[in-house]
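The structure appears right after this line, and notes come after that.
The values are calculated or read from the model by the stated rules, or taken from the named source; none is laboratory data. All values reported here derive from a predicted model rather than from experimental measurement. All Cβ positions, glycine included, derive from the backbone under ideal geometry; neighbour counts span all protein chains shown. When the accessible area is computed, the model is the full protein with side chains, heavy atoms only, and any ligands, DNA or RNA have been set aside. Shrake-Rupley method; radii C 1.70, N 1.55, O 1.52, S 1.80 Å.
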Amino acid sequence: MKILKVLLLFFVLQMQAQQGGMWIPSLLKVMNEKEMKNLGIKMSIKDIYDVNQSSLKDAVPHFNGGCTSEVISPKGLILTNHHCGFDAIQNHSTVDHDYLANGFWAYKMEDEFPNENLVVTFIVRIEDVTTKVLEGTQNLTSEAEKQKKIQDNITVLSNSLPKENWQENKIRTFFEGNQYMLFVTETFKDVRLVGAPPSSIGKFGNDTDNWVWPRHTGDFSLFRIYADKNNRPANYSKDNVPYTPKHFLPISLDGVKEDDFTMVFGYPGKTNEYLPAVAIAQIANELNPAKIEIRDQALKVADGFMRKDNAIKIQYASKYA
């Protein structure tokens with residue numbers, strides 16, 4: 001699934017036929033706690049989101065601007081989808097060492113592959129800054145002037161709101177400009193490939209199977225986050241050490257039972273849930289058919305070359321996927 005690079009955290013809660021929708025972690029206490037308890041949650045809201053103590057949010061980082069990942073060890077090991085790690089796996093593959101076809105496993109840390117421009121981002125805290133972003137826009141009649149004022153406010157706030165030197169302020173809009181949230185983040189830039197199954201396992205069923213349930217795909221890849229000696233983000237260096245997370249997810253083999261409370265915690269990119277019917281019709285009848293036609297033609301050209309040369313097949317594998 002291609003996920004747009006918009007930083008969001010969300011919840012989808014489902015019990016039997018009931019679904020909660022997209023919920024913002026910092027607002028769970030006041031907006032959703034009662035419903036979650038009615039659905040059977042046993043952990044507290046602070047176990048999910050807390051700015052003062054470690055919580056679930058500290059074990060679910062944003063992987064390379066487009067995917068969700070999970071920290072699963074005290075030494076910075078993270079789990080994500082195979083298709084999310086696909087580009088990194090491809091970049092290390094050659095005709096003689098085709099890790100896409102055969103998989104890859106680093107049996108010791110020294111064998112892990114560094115990845116240029118691959119990042120993992122953690123959420124430190126989330127704040128509602130709607131009032132500050134919309135300040136000075138109430139009396140503007142021109143939509144262009146209003147949007148310019150909003151962007152100017154976002155720039156000022158991003159540069160002035162408190163954070164540590166190694167952190168970033170990112171302000172994102174929710175509900176089509178009706179709400180603005182500040183995300184204070186930490187982005188780690190030394191992320192190394194640890195392991196991945198062959199594509200025959202990791203992409204079994206290809207993209208069609210990616211949208212159905214149950215799935216039969218070993219859709220995972222493993223990476224490790226590295227940090228400087230102070231456990232802070234740093235560019236790649238041989239002196240970096242495995243990141244010590246604030247929280248990591250223990251692995252359970254117990255499985256789930258019918259009517260167990262379940263929730264999904266991650267980064268969906270964006271939602272079109274609130275678009276009017278006319279906008280959905282435009283996407284379905286005008287925009288998507290045009291995109292599909294153009295991309296079909298482009299894929300045919302790439303496929304023709306990829307079938308003739310295995311080196312080209314590897315080089316274009318991620319773009320083609």
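Across segment 272-320, the fraction of Cα-Cα pairs farther apart than 11 Å, rounded to a whole number, is 72%.
Please report, as a whole percent, how much of the solvent-accessible surface of segment 25-270 comes from carbon and sulfur atoms (probe radius 1.4 Å). The computed percentage sits at 51. With the chain treated as a Gaussian network of Cα nodes joined by springs under 10 Å, which of 233, 276, 197 yields the largest mean-square fluctuation? It is 276.
Across all C-alpha atoms in segment 131-268, the radius of gyration and Dmax reach 21.6, 59 Å.
Under 5 Å between amide hydrogens, built in the peptide plane, is the criterion, and for residue 249 it picks out 71, 72, 73 among residues at least 5 positions away or on other chains. Seen through its C-alpha gyration tensor, with square-root eigenvalues sorted a ≥ b ≥ c, segment 79-142 comes out prolate because a/c lies at 1.5 or above while a/b is bigger than b/c.
Relative to the compact-globule estimate of 2.2 N^0.38 Å, the Cα radius of gyration of segment 117-199 comes out at 1.45. Shown here for segment 26-95: trypsin sites (Lys or Arg not before Pro) in loop regions (DSSP other than H, G, I, E, B) with at most 14 other Cβ atoms within 10 Å, namely 42. Which of the residue pairs 42/229; 46/170; 189/300 have a Cα-Cα distance greater than 31 Å in the structure shown? Distance filter (> 31 Å) returns 42/229; 189/300. Residues 251, 154, ordered by accessible area of protein heavy atoms at a 1.4 angstrom probe radius and largest first, appear as 251, 154.
Would you mind checking which residues have amide H under 5 Å from residue 124's amide H? H placed 1.01 Å from N; only 5 or more apart, or other chain. For residue 124, whose amide H was placed from the backbone, the distant partners under 5 Å are 184, 185, 186. Rg ratio for the chain: its Cα radius of gyration over 2.2 N^0.38 Å, N being its residue count, equals 1.09. Note on segment 139-210 and segment 223-250: Cα centroid distance 22 Å, given to the nearest whole angstrom. Solvent-accessible area per residue in segment 59-202 equals 49 Å², computed with a 1.4 angstrom probe and all protein chains kept.
Karplus-based coupling profile of segment 120-130, in residue order and whole Hz: 10, 10, 9, 8, 8, 7, 10, 9, 7, 10, 4, with θ = phi - 60° in 6.51 cos²θ - 1.76 cosθ + 1.60 and x standing for Gly or Pro. Note on segment 272-320: with neighbouring protein chains present and a 1.4 Å probe, carbon and sulfur make up 57 percent of its accessible heavy-atom surface. Taking all Cα pairs closer than 8 Å and separated by 6 or more residues, the relative contact order of the chain comes to 26 percent.
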